[in-house]
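Data first, discussion second: the structure below is written as structure tokens.
The values are calculated or read from the model by the stated rules, or taken from the named source; none is laboratory data. Please read these numbers as outputs of a predicted model, since none were measured by experiment. Glycine also receives a Cβ, built like all others from the backbone with ideal geometry; neighbour counts cover every protein chain displayed. Just so you know, the surface numbers come from the protein's heavy atoms only, side chains and all, with ligands and any DNA or RNA stripped out. Shrake-Rupley method; radii C 1.70, N 1.55, O 1.52, S 1.80 Å.
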Number of protein chains: 2
Amino acid sequence: MFKYLISNPTTKTINYSFRYISSTVSKGPKGFKTGTTACGLKKNGNSDICVIYSESACNVAAVFTENKVKAAPVLLSKSLLDTYRNTGFQSLIINSGGANACTGDQGMTNAKTMSNLTSSTLKVKQPSFVMSTGIIGQQLDMNKVEKGIKEAITKLNPNDWLSAAKAIMTTDKVPKLSQKIIKLSDGKEANIVGICKGAGMIHPNMATMLCTVCTDAAVGEDVLNQILKHSVHYSFNSINVDGDMSTNDTVVLVSNGQADNKLINSNSSEDFNKLQEAIRSVMTELCQMIVRDAEGASKFVSINVVGADTEVNAKTIADTISRSSLVKTALYGADANWGRVLAAVGYSGVNIDPLKVSMWFSIGDGKDIGIGKKNDQKVCMQFLENGQPLEKDEKRAAAILEHGDVSIIVDLGMGKQHATMWTCDLTEEYVRANSHYRT
Amino acid sequence: MFKYLISNPTTKTINYSFRYISSTVSKGPKGFKTGTTACGLKKNGNSDICVIYSESACNVAAVFTENKVKAAPVLLSKSLLDTYRNTGFQSLIINSGGANACTGDQGMTNAKTMSNLTSSTLKVKQPSFVMSTGIIGQQLDMNKVEKGIKEAITKLNPNDWLSAAKAIMTTDKVPKLSQKIIKLSDGKEANIVGICKGAGMIHPNMATMLCTVCTDAAVGEDVLNQILKHSVHYSFNSINVDGDMSTNDTVVLVSNGQADNKLINSNSSEDFNKLQEAIRSVMTELCQMIVRDAEGASKFVSINVVGADTEVNAKTIADTISRSSLVKTALYGADANWGRVLAAVGYSGVNIDPLKVSMWFSIGDGKDIGIGKKNDQKVCMQFLENGQPLEKDEKRAAAILEHGDVSIIVDLGMGKQHATMWTCDLTEEYVRANSHYRT
């Protein structure tokens with residue numbers, strides 16, 4: 001990965017050194033190919049169709065938006081997983097430039113056409129898994145989409161995952177791609193590649209976080225499902241940009257077994273642990289890229305809640321802090337406003353003792369300070385000790401919070417459980433991006 | 001009331017014609033007096049001490065912040081109400097310029113000093129009810145406060161409620177004052193005056209919505225409590241500025257019986273209904289003034305959810321919409337972005353049927369359209385009918401949403417219950433006000 005610097009005409013100069021773009025992938029997971037094209041759904045002429053194909057049948061696990069308003073491709077893909085019991089899939093079709101949400105019966109017909117056209121053109125047995133992202137409430141131009149699917153399939157390539165990441169972008173400024181390669185106990189190599197898109201539920205009438213992770217490891221359906229749930233809990237369910245949830249959010253994990261490893265079919269083996277850690281790590285990198293790319297964000301913020309009685313309580317508090325507009329504007333202003341953080345802790349609904357709460361602000365992800373409670377004066381500063389405010393050096397506090405990567409650490413003083421959420425600050429640029437788009 | 005026009009150096013010109021300031025009160029409720037002074041807690045030299053005194057003993061009902069982190073005056077006032085069983089009070093002391101929150105034992109000692117000094121100087125038996133607002137985490141300068149309390153008491157006046165409203169302001173741009181006078185069944189007149197402060201939990205390290213409503217009606221403690229809970233539910237619990245809840249929020253309702261009416265001691269009389277309606281109306285006006293005065297707000301937005309199966313579900317959905325940053329930025333941009341509203345309806349957690357949802361945007365509070373479903377083309381525009389998007393005239397939609405008072409109406413098509421929330425838009429000015437304060 002390399003750093004990505006851009007300038008932005010905002011009232012306050014934003015330093016985007018905290019934003020990364022992906023390196024490329026030189027060797028994709030065995031047996032997978034991707035093909036992309038620009039069929040014309042995107043007005044800017046960028047690629048908007050992505051087909052992912054596997055030479056052999058795959059196991060598939062997926063989680064979908066909990067929004068009651070679900071897009072047609074979400075409803076279709078869910079029902080395909082049910083019908084085929086998460087196995088036997090060989091293809092995914094993803095389009096950007098139209099979410100196919102709130103599109104009624106015609107929308108469902110179009111999603112089915114995408115699915116069936118992809119599988120029939122590829123000459124694979126099972127209908128394709130479908131994902132869409134873009135504007136809500138408009139029908140897809142199916143002439144374009146059908147032409148696009150056929151064209152994308154002529155370009156299938158085993159190593160061009162960066163083009164796949166680009167074809168699913170909407171308001172994303174950078175493509176999002178991550179890879180891990182691990183050695184399994186039988187000496188075989190498992191290759192995991194993930195792509196995703198999303199920058200908050202951000203664009204006017206625009207939706208969606210989509211993520212696809214493909215691995216050539218051989219993994220049983222149940223185990224694959226466990227790995228997915230675990231990884232999503234600690235990645236995509238641990239980020240918050242603006243608190244809004246889209247109609248299309250989907251994370252899908254696909255395995256085709258071409259690594260030829262001994263089937264991972266129980267959650268107690270060393271290989272299970274290794275693979276889960278690698279997949280979680282791919283998803284963590286991807287979800288953090290979303291936060292770094294969030295519209296108008298000027299900071300990447302890690303919120304570490306430690307000393308909780310339960311992990312659920314720690315996460316509830318971290319989540320509440322990550323949603324507070326007042327905390328997020330203060331961070332934008334490099335204002336070490338512990339009062340707003342403490343207020344958010346107080347209204348999180350978790351039973352806490354205000355007289356046991358301590359708080360730090362730090363540079364970076366705060367992990368060292370948060371869990372181990374080191375107190376290195378160069379990188380962190382304590383503001384509250386057992387509910388009592390400490391004297392603070394405003395200048396040094398501002399110097400810490402001027403960094404692109406900062407952290408809030410809250411110690412509840414009630415136990416040993418902890419949780420982390422990743423979020424960004426709230427800036428004038430966020431408001432501009434989300435209000436002035438049509439004008 | 002008269003309209004209040006101010007200009008503001010923001011990127012987008014904000015029209016503040018939707019913001020009101022209070023008219024004065026020519027005749028306060030019998031037996032009450034207010035005294036104010038500037039003791040020096042506010043750096044700008046504005047008044048910051050307000051004493052409210054009643055010639056006779058009062059019944060008092062109050063609701064306090066649900067934040068687990070409660071300020072010393074909140075803890076003290078709660079315990080005074082418990083000790084004296086909501087009756088026998090003759091005085092309230094309110095300071096602005098310091099919230100006395102996160103101030104430890106010294107903070108509690110200071111709150112008690114304020115309470116006891118007020119009651120002893122006034123020569124009344126019971127300790128005074130105490131409220132504070134301002135910066136969190138700093139001790140009050142008690143030399144100033146004590147001098148201020150004594151001075152304010154020398155200035156007690158039965159009709160100067162506007163000064164009282166001014167003395168409790170923090171980041172408020174306008175004082176907030178409302179009055180109703182009603183005739184009771186025995187021919188006696190009951191006078192109700194309310195003051196409040198708050199502009200969201202807005203200022204850096206600043207907290208609090210405070211509201212005091214005084215009436216000379218004779219009302220039993222239990223009935224007073226019922227009226228308070230009912231009125232707060234439909235007023236202060238029906239507004240949302242930025243979703244943050246302070247450590248000091250307090251609403252207090254005080255009655256001294258000097259109107260000499262027949263004691264209102266049951267909730268089934270006509271007088272009960274009249275009084276409750278008047279008090280609810282005072283609180284509704286006050287809470288709407290808070291939304292209109294919210295930092296950076298350029299619009300007053302009524303969110304009407306109708307056609308729900310229960311009122312609780314209607315309110316949950318209205319509340320979810322009112323918290324969506326994406327909805328609030330779209331309103332700022334006069335963008336009729338029904339997709340964002342529908343997404344918020346979908347993730348509210350309430351079980352809805354997307355194919356039964358209809359939606360309108362309108363000028364004003366939307367009550368006519370929302371409840372009666374009139375469809376006057378001049379003031380409103382429908383965007384969604386039973387989950388299907390309608391053709392929309394972008395120009396006319398923008399013309400509707402350019403108004404200062406606008407409304408979103410969502411019909412769930414599931415029943416006859418409804419609820420309303422009032423909120424404001426999210427603007428660049430909000431971000432500036434909350435991030436750049438210290439710089």
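Assign unit charges at the C-beta atoms only (+1 for Lys and Arg, -1 for Asp and Glu), then state the dipole size of segment B:25-292 relative to its Cα centre in Debye, rounded to the nearest 20. Display every interim value, and only then the final one.
On the way: 28 positive and 23 negative charges, 100 e Å.
Using only the charged Cβ atoms, the result is roughly 480 debye.
Note the buried accessible area between B and A here, summed over both chains, with a 1.4 Å probe, in Å² to the nearest 100.
Details: alone 18100 and 18110 Å², together 31750 Å².
Answer for the B-A pair: about 4500 Å² buried.
Tell me, in nm to one decimal, what length is gained between B:N159 and B:H230 on full extension, where the rule is 0.36 nm per residue of separation less the Cα-Cα distance? Present the calculation step by step, with values, prior to reporting the outcome.
Working: separation 71, 0.36 × 71 = 25.56 nm, distance 2.76 nm.
Extra length from B:N159 to B:H230 when fully extended: 22.8 nm.
With unit charges on the beta carbons (Lys and Arg positive, Asp and Glu negative) and the dipole taken about the Cα centre of segment A:20-292, which residue among A:Q276, A:L140, A:I192 sits farthest to the positive side?
A:L140
Rounding to the nearest 10 and keeping the result within 0 to 90°, find how far the Cα-based axis of helix B:72-83 lies from the longest principal axis of chain B.
Around 70 degrees separate the two axes.
Distances from B:K27 to the same residue in each other copy, label points 7 Å out along Cα→Cβ, in nm, shortest first?
9.2
How large, in percent, is the carbon and sulfur part of the accessible surface of chain B at a probe radius of 1.4 Å?
Numbers: 7610 of 15870 Å².
Percent of accessible area from carbon and sulfur atoms in chain B: 48.
Tabulate in residue order the Karplus-calculated ³J(HN,Hα) for segment B:148-161, using 6.51 cos²θ - 1.76 cosθ + 1.60 with θ = phi - 60°, rounded to whole Hz; enter x for Gly and Pro.
Coupling constants for segment B:148-161: x, 4, 4, 5, 4, 5, 6, 10, 4, 8, x, 10, 9, 6 Hz.
Could you give the nm distance between label points at A:S266 and A:Y84, where each point is 7 Å from its Cα heading toward the beta carbon?
That separation, rounded to one decimal, is 3.0 nm.
Kindly give the distances from B:L390 to its copy-mates, label point to label point, with each label point 7 Å from Cα along Cα→Cβ, as nm values to one decimal ordered shortest first.
6.0
Would you kindly state how much longer the chain becomes between B:T24 and B:S56 on full extension, computed as 0.36 nm times their sequence separation minus their alpha carbon distance, in nm to one decimal? Don't skip to the end; give the middle numbers.
Numbers: separation 32, 0.36 × 32 = 11.52 nm, distance 2.45 nm.
So the chain would gain 9.1 nm between B:T24 and B:S56.
So how tilted is helix A:311-323 from the main axis of chain A? Cα-based, degrees 0 to 90, rounded to 10.
On a 0 to 90 degree scale, this one is about 90.
In square angstrom, what is the accessible area per residue of chain A with a 1.4 angstrom probe?
Values: 15880 Å² over 439 residues.
Accessible surface, normalised per residue, equals 36 Å².
Kindly flag which residue pairs out of B:K176/B:K395; B:K43/B:K180; B:K183/B:K299; B:K43/B:K112; A:K367/B:K78; B:K33/B:K173 have an alpha-carbon separation exceeding 32 Å in this structure.
Details: B:K176/B:K395 36 Å; B:K43/B:K180 34 Å; B:K183/B:K299 35 Å; B:K43/B:K112 24 Å; A:K367/B:K78 40 Å; B:K33/B:K173 25 Å.
Over 32 Å Cα-Cα: B:K176/B:K395; B:K43/B:K180; B:K183/B:K299; A:K367/B:K78.
Note every residue of segment A:230-267 with a reduction of at least 20 square angstrom in accessible area, all protein chains present versus the isolated chain, computed with a 1.4 Å probe, or write none.
In segment A:230-267, residues shielded by partner chains: A:D244, A:M245.
With each run of n ≥ 4 DSSP H residues scored as -39500 (n - 2.57), what mean residue ellipticity at 222 nm is computed for chain A after dividing by its residue count and rounding to the nearest 500 deg cm²/dmol? Let's see the in-between values first.
Numbers: 12 runs with 139 residues, N = 439.
It lands at -9500 deg cm²/dmol.
Can you give the charge dipole size of segment A:130-194 about its Cα centre, rounded to the nearest 20 debye, using +1 on the beta carbon of Lys and Arg and -1 on the beta carbon of Asp and Glu?
On the way: 10 positive and 7 negative charges, 27 e Å.
Approximately 140 debye in magnitude.
Could you quickly flag the chain B residue whose beta carbon comes closest to the rotation axis taking B to A, and that distance in whole angstrom?
Value returned for chain B: B:E428, 2.
Excluding ligands and nucleic acids, what accessible area in Å² is computed for B:C58 using a 1.4 Å probe, to the nearest 10?
Here the accessible area works out near 0 Å².
Using only Cα atoms, tell me the angle between helix A:270-292 and the longest principal axis of chain A; keep it within 0 to 90° and round to the nearest 10.
Tilt relative to chain A: about 70 degrees.
Nearest 0.05, what FRET efficiency do B:E402 and A:E151 give at R0 = 45 Å with Cβ-Cβ as r? Walk me through the numbers on the way to the answer.
On the way: r = 44 Å, r/R0 = 0.97.
Efficiency, rounded to the nearest 0.05: 0.55.
Tally the DSSP beta bridges in segment B:300-435 and give the antiparallel ones as a percent, rounded to 5. Numbers along the way, then the final one.
Working: 19 of 26 bridges.
In segment B:300-435, approximately 75 percent of DSSP beta bridges are antiparallel ones.
Only Lys, Arg, Asp and Glu count, each charged at its Cβ (+1, +1, -1, -1), so figure out the dipole size of segment A:300-435 about its Cα centre, rounded to 20 debye.
Dipole magnitude for segment A:300-435 comes out near 120 debye.
Label-to-label distances across copies for A:H230, with labels 7 Å out along Cα→Cβ, in nm, shortest first?
Inter-copy label distances (nm, one decimal, shortest first): 5.7.
I want to verify a result. In a Gaussian network model of chain B, Cα cutoff 10 Å, which of these has the top mean-square fluctuation: B:D141, B:D249, B:D48?
Of B:D141, B:D249, B:D48, the most mobile in the Gaussian network model is B:D141.
Let me know the mean shielding of A:60-68 by other chains, meaning the per-residue number of their Cβ atoms within 10 Å of its Cβ.
On the way: counts 0, 0, 0, 0, 0, 3, 3, 8, 13.
Shielding by partners across A:60-68 averages 3.
Looking at the square roots a ≥ b ≥ c of the eigenvalues of the Cα gyration tensor of segment B:273-314, which shape do they give, rounded for a/c under 1.5, prolate if a/b is larger than b/c, or oblate?
Values: a/c = 3.47, a/b = 1.11, b/c = 3.12.
The shape class here is oblate.
Extension gain B:K395-B:D141, at 0.36 nm per residue separation less the Cα-Cα distance, in nm?
Numbers: separation 254, 0.36 × 254 = 91.44 nm, distance 5.59 nm.
That works out to 85.9 nm of additional length.
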